[in-house]
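Presented below is the structure to which this report refers.
The values are calculated or read from the model by the stated rules, or taken from the named source; none is laboratory data. Computed from a prediction, not measured in an experiment: that's the story for all the values here. Positions of Cβ are backbone-derived with ideal geometry, glycine not excepted, and every protein chain shown enters the neighbour counts. Just so you know, the surface numbers come from the protein's heavy atoms only, side chains and all, with ligands and any DNA or RNA stripped out. Shrake-Rupley method; radii C 1.70, N 1.55, O 1.52, S 1.80 Å.
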Amino acid sequence: MEKQQPSKVVLEGSERAPNRSLFYAMGYTEEELHRPLVGVISAYSEIVPGHQHLDKLAQAVMDGVRLAGGTPVLVPAIGVCDGITMGHNGMRYSLPSRELIADSVETMALAHGFDGLVLVPNCDKIVPGMVMGAVRINLPTLVLSGGPMLAGHIGNQAVSLSGLFEAVGAYKNGTITGELLEQMTRDTCPGCGSCAGMYTANSMNCLMEALGLGLPGNGTIPAVSAARRRLAKTAGMRIMALIEQGVQARDIVTADALHDALACDMALGCSSNSVLHLLAIANEADVSLDLQDFNDLSEHVPNLCHLAPAGPHHIEELDAAGGIQAVLKELTHTGLLHLQRPMVSGKTLQAQIANADNLNTTIIRPYADPYSKTGGLAILFGNIAPRGAVVKRSAVAAEMLVHEGPARVFDGEEEAIAAIYAGKIRPGDVVVIRYEGPTGGPGMREMLNPTSALAGMGLDSSVALLTDGRFSGASRGASIGHVSPEAAQGGPIALIEEGDSIAIDIPAYTIQLKVSDDVLAARRISYRQPPMRVTSGWLSRYARLVSGADQGAVLKG
């Protein structure tokens with residue numbers, strides 16, 4: 001028996017007269033209620049630069065829905081700005097907010113009988129959160145992101161937010177003046193959009209194209225471009241075709257699609273946070289994906305792009321070079337892409353990229369001339385991280401790909417940043433920041449301040465940083481995060497002592513604490529876990545329910 005359209009369950013028949021009455025109270029007409037209801041889920045707010053223009057894009061999506069004969073229904077979603085929350089307790093809410101967003105998408109869509117969804121996110125946790133919710137409920141779905149911010153300029157140099165975080169370290173070190181720091185503060189972020197480098201927001205927006213949920217241009221067309229509004233109208237029209245054809249989210253988000261998105265991730269050199277989010281999306285789609293899959297693809301997919309912070313280029317340049325479609329076209333040479341899978345454009349991947357061209361081989365290296373023959377991310381395993389740790393390999397200086405040094409151990413970000421600014425970290429050190437995982441943080445804070453301080457003080461090519469927390473996509477250097485199991489779950493990172501030698505070999509995918517098993521066993525007997533930092537509010541519930549980073553830090557059922 002054919003499944004009934006969700007909106008008809010809510011609106012049709014004499015029993016639903018009270019329901020219809022409430023729609024009439026909002027000004028909907030009878031004609032509108034006979035058309036498919038499309039939930040336009042917008043994360044518009046006035047606290048996130050990447051979201052301050054989403055009201056206009058959501059309106060353009062709604063215009064497209066109406067043009068194609070549907071009835072758009074605007075509903076909100078929350079969004080945390082990672083940049084504003086960086087370096088203080090607010091960052092504890094960033095990753096957990098992903099789960100709230102997923103739950104809210106499920107709630108709003110199923111409670112009100114939406115027939116399809118257009119998701120209008122832009123920033124770090126909002127994109128995967130919305131997609132997780134949509135894949136969970138499996139309605140026809142399309143993602144229309146807000147688009148990247150243009151790069152700022154200091155003199156003739158293009159800059160983005162990672163440079164400003166690093167400038168703080170340079171100022172503390174006496175390398176730049178307070179006047180230059182203030183100029184950078186005013187000029188680095190010129191307007192709306194997701195921050196201009198290949199940070200987490202832009203990583204996820206680009207991966208939505210590769211996954212097939214976003215139309216071509218979703219990840220790279222600048223926020224301020226008229227082309228972004230045109231894309232929004234097209235998205236509104238396309239969702240109507242998906243509803244008519246019965247193409248649901250899981251028809252797009254398949255094992256093949258996740259495989260290809262992961263390949264694109266490796267080519268772009270995306271944020272290490274993309275590992276968490278792809279694992280979480282796969283979990284909602286009931287697709288098997290684990291950390292070893294990342295290394296397997298990394299061995300066969302070259303890194304083609306060095307976008308900030310790994311290099312000098314920004315997303316607007318990637319767009320001008322041909323965008324994600326050109327990257328995918330280059331990746332056809334691997335023979336690994338699933339070219340016949342469907343995309344929300346209505347085309348197969350092969351048909352969609354048929355006319356794509358690489359217009360700037362400096363921005364998108366050709367397949368035959370990559371930055372490296374291996375992908376931009378690597379998962380390290382060893383006695384510190386039995387279940388894995390993540391590093392953005394493409395942003396690591398060549399001399400730090402293999403490194404051994406003494407551990408400098410800190411039980412939290414604040415202790416570490418104070419030591420860095422006080423000049424207590426020396427070349428060769430391995431800074432260990434623990435009790436910052438999903439449970440221990442709680443919330444798995446990003447360590448952009450410590451990595452930026454090291455870079456600003458000229459230590460990023462001689463000091464490694466290891467944590468059970470996360471790193472911002474704006475981090476660079478030998479920044480190894482997501483150590484699993486985390487310290488608060490009894491992971492071996494909790495047993496590291498000051499001065500222990502730590503050996504890192506990124507090409508070999510290993511990280512090893514040079515301490516014998518017998519010594520570690522003795523330390524475990526005497527180990528006492530510190531008390532939880534947060535014992536009330538919903539973060540305490542999150543800490544009790546969240547899985548490890550190796551599973552995507554999703555909530556356990």
| note | Sorted by chain and number, the residues with a modelled amide H under 5 Å from that of His313, at a separation of 5 or more or across chains, are Ala308
| remark: Computed over the Cα atoms of the stretch 63-159, the Rg and Dmax in Å are 16.3, 53
| field | For q = 0.21, 0.22 Å⁻¹, Debye-computed log10 I/I(0) when each Cα of the stretch 496-545 counts as one equal scatterer | value | -0.83, -0.84
| request: Work out the P(r) tail for the stretch 171-229: percent of alpha carbon pairs separated by more than 15 Å, whole number. | output: 62
| query | What Kirkwood hydrodynamic radius, in Å, does the chain give when the mean of 1/r is taken over all pairs of distinct Cα atoms and then inverted? | reply | 23.7
| Stokes-Einstein D for the stretch 516-557, Kirkwood Rh over Cα pairs, 20 °C, 1.002 mPa s (µm²/s) | 168
| query | Using 0.36 nm per residue, how much length does the chain from Val9 to Glu404 gain when fully extended, once their Cα-Cα distance is taken away? | reply | 135.9 nm
| Within the chain, helix-based [θ] at 222 nm, where runs of 4 or more DSSP H residues each add -39,500 (n - 2.57), nearest 500 | -11500 deg cm²/dmol
| task | Could I get the Rg over Rh figure for the stretch 340-497? Both from C-alpha atoms, Rh via Kirkwood, rounded to two places. | result | 1.09
| query | How many angstrom separate the Cα center of the stretch 3-38 from the Cα center of the stretch 213-289? | reply | 30
| task | For the stretch 107-161, count the residues as N, evaluate 2.2 N^0.38 Å, and divide the Cα radius of gyration by that value, please. | result | 1.62
| query | What is the P(r) of the stretch 446-489, as percent of Cα-Cα pairs per 5 Å bin from 0? | reply | 6, 25, 33, 19, 11, 5, 1
| field | Over the stretch 413-489 - Rg/Rh using Cα atoms and the Kirkwood inverse-distance radius | value | 0.95
| message | At most 14 other C-beta atoms within 10 Å and a DSSP loop state: those are the exposed GluC sites (Glu not before Pro) I care about. Give me the longest piece of the chain that has none. | response | 47-298
| query | So how long is each side of the stretch 421-541 along the principal axes, counting just the alpha-carbon atoms, biggest first, in Å? | reply | 39, 39, 30
| field | Bridge type composition, the chain - antiparallel percent by DSSP, nearest 5 | value | 40
| query | Considering the Cα trace of the stretch 115-261, what is its radius of gyration and what is Dmax, both in angstroms? | reply | 18.4, 62
| Using unit Cβ charges (K, R positive; D, E negative) and no other charged atoms, how large, in debye to the nearest 20, is the dipole of the stretch 329-403 about its Cα centre? | 260
| Intensity falloff of the stretch 7-136 expressed as log10 I(q)/I(0), Debye formula with alpha-carbon point scatterers, at q = 0.12, 0.18, 0.22 Å⁻¹ | -0.50, -0.96, -1.24
| request: Send over a whole-number figure in Å² for the accessible area per residue of the stretch 403-525, probe 1.4 Å. | output: 29
| Tell me, what is the per residue accessible area of the stretch 182-321 in Å², probe radius 1.4 Å? | 29
| note | Pseudo-spin-label distance Thr535 to Leu181, built 7 Å along Cα→Cβ, given in nm, is 3.7
| note | Between His338 and Gln245, Cβ-based FRET efficiency (R0 25 Å, step 0.05) works out to 0.80
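Please pull out the direction-averaged projected area of the stretch 349-432, using the convex hull of its alpha-carbon atoms, in nm² to one decimal place.
So the Cα hull casts an average projection of 9.4 nm².
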| message | Quick check: convex hull of the Cα atoms in the stretch 196-279, volume per residue, rounded to a whole Å³? | response | 85
| request: Starting from one equal scatterer on each C-alpha and no solvent at all, send me the Debye-based log10 I(q)/I(0) for the stretch 55-114 at q = 0.13, 0.18, 0.24 Å⁻¹, two decimals. | output: -0.51, -0.78, -0.98
| task | Divide the volume of the convex hull of the Cα atoms of the stretch 280-363 by its number of residues and quote the answer in cubic angstrom per residue. | result | 137
| Violating pairs (Cα-Cα greater than 22 angstrom) within the set Lys56/Lys233; Lys125/Lys373; Lys329/Lys373; Lys233/Lys347; Lys347/Lys373 | Lys125/Lys373; Lys347/Lys373
| message | I'd like the Karplus ³J(HN,Hα) series for the stretch 217-222: coefficients 6.51, -1.76, 1.60, θ = phi - 60°, whole numbers in Hz, and an x wherever there's a Gly or Pro. | response | x, 3, x, 10, 4, x
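With loop defined by DSSP as not H, G, I, E or B, and exposure as at most 13 other Cβ atoms within 10 Å, which is the longest segment of the chain clear of exposed trypsin sites (Lys or Arg not before Pro)?
That would be 4-372.
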| task | Tell me the label-point distance for the pair Ser21, Asp517, using the 7 Å Cα-to-Cβ offset, in nm and rounded to one decimal. | result | 7.3
| field | Heavy-atom accessible surface of the chain: percent carbon and sulfur, 1.4 Å | value | 52
